[in-house]
Amino acid sequence: QVQLVESGGGLVQPGGSLRLSCVASGSIFSIDAMGWYRQAPGKQRELVAVMRKPASTNYADAVKARFTISRDNAKNAVYLQMNSLKPEDSAVYYCNADIWSTAFRRDNYWGQGTQVTVSS
């Protein structure tokens, strides 16, 4: 069974930084895309950043130049470095990944989410 676990969320002041981590575990053969989504109260879940092998990245316009996504494929992990945080960045951040299992099944997985709150 495959699962994604996020960590690193918390409360930070405007202009501050936070680093989110997500680690996939289970019967994993390979991971194609790994990325981050976020959902604020009353709003639709939106893509924040995604990274595909070998190193292709996409960022939402609202976070480009401030956030950086990275991966450690040996650890089945993806990270999101968030700098110059704004109150509008406050949301639950979810890890997402397209994963091939050792049984050669490809499925999409979501983590449980980690809360990020940007406030003075």
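When the range 10-42 is filtered for residues that are closer than 15 Å to K75 by Cβ and either assigned to a loop (DSSP other than H, G, I, E, B) or open to solvent by less than 20 Å² (accessible area, probe 1.4 Å) (or both), the ones remaining, listed by number, are L20, C22, A24, G26, I31, M34. Of all residues in the range 83-105, those satisfying the criterion of being at pLDDT 95 or above and of a type in the set (D, E, K, R) are K86, E88, D89, D98.
Inclusion of K53 among residues that are of a type outside the set (A, V, I, L, M), exposed (fewer than 14 other Cβ atoms within 10 Å of the Cβ) and modelled with pLDDT under 95 is warranted.
Looking across N76, N96, one residue alone is of a type outside the set (G, A, S), within 17 Å of T114 (Cβ to Cβ) and open to solvent by less than 50 Å² (accessible area, probe 1.4 Å). It is N96. In the condition set (1) polar (S, T, N, Q); (2) free of Cβ contacts under 8 Å to residues at least 24 places away in the same chain; (3) surrounded by 13 or more Cβ atoms within 10 Å (Cβ to Cβ), S7 is compliant with all but (2). Being surrounded by 15 or more Cβ atoms within 10 Å (Cβ to Cβ) and within 12 Å of the chain's Cα centre (by Cα): is that true of V63 here? Taking the combined requirement at face value, the residue does not satisfy it.
Any residue at all in the range 75-97 that's among the charged types (D, E, K, R), on the phi < 0 side of the Ramachandran plot and part of a strand (DSSP E or B)? Looking through the range 75-97, none of the residues is among the charged types (D, E, K, R), on the phi < 0 side of the Ramachandran plot and part of a strand (DSSP E or B). In the set (1) closer than 18 Å to I28 by Cβ; (2) open to solvent by less than 50 Å² (accessible area, probe 1.4 Å); (3) not charged (D, E, K, R), the condition left unmet by M82 is number (1).
Restrict the check to the range 6-17 and report whether at least one residue is over 14 Å from the mean Cα position of the chain (by Cα), over 23 Å from E88 (Cβ atoms) and hydroxyl-bearing (S, T, Y). Taking every residue of the range 6-17 in turn, none turns out to be over 14 Å from the mean Cα position of the chain (by Cα), over 23 Å from E88 (Cβ atoms) and hydroxyl-bearing (S, T, Y).
Sub-9 Å Cβ pairs linking a first residue in the range 64-92 that is free of Cβ contacts under 8 Å to residues at least 24 places away in the same chain to a second residue that is open to solvent by 40 Å² or more (accessible area, probe 1.4 Å) and charged (D, E, K, R), at least 6 apart or interchain, are R66/K86, ordered by first then second residue. Residues of the range 1-30 that are closer than 26 Å to A65 by Cβ and either polar (S, T, N, Q) or touching a helix residue (DSSP H, G or I) at 6+ places or on another chain (Cβ under 7 Å) (or both): S7, Q13, P14, S17, S21.
Residues of the range 99-109 that are open to solvent by 50 Å² or more (accessible area, probe 1.4 Å), of a type in the set (D, E, K, R) and in contact (Cβ under 8 Å) with a residue 12 or more places away in the chain: R106 alone.
The values are calculated or read from the model by the stated rules, or taken from the named source; none is laboratory data. Since this is a predicted model, take the numbers as computed values, not measurements. All Cβ positions, glycine included, derive from the backbone under ideal geometry; neighbour counts span all protein chains shown. Heads up: the accessible areas ignore ligands, DNA and RNA and are worked out on the full protein's heavy atoms, side chains in. Shrake-Rupley method; radii C 1.70, N 1.55, O 1.52, S 1.80 Å.
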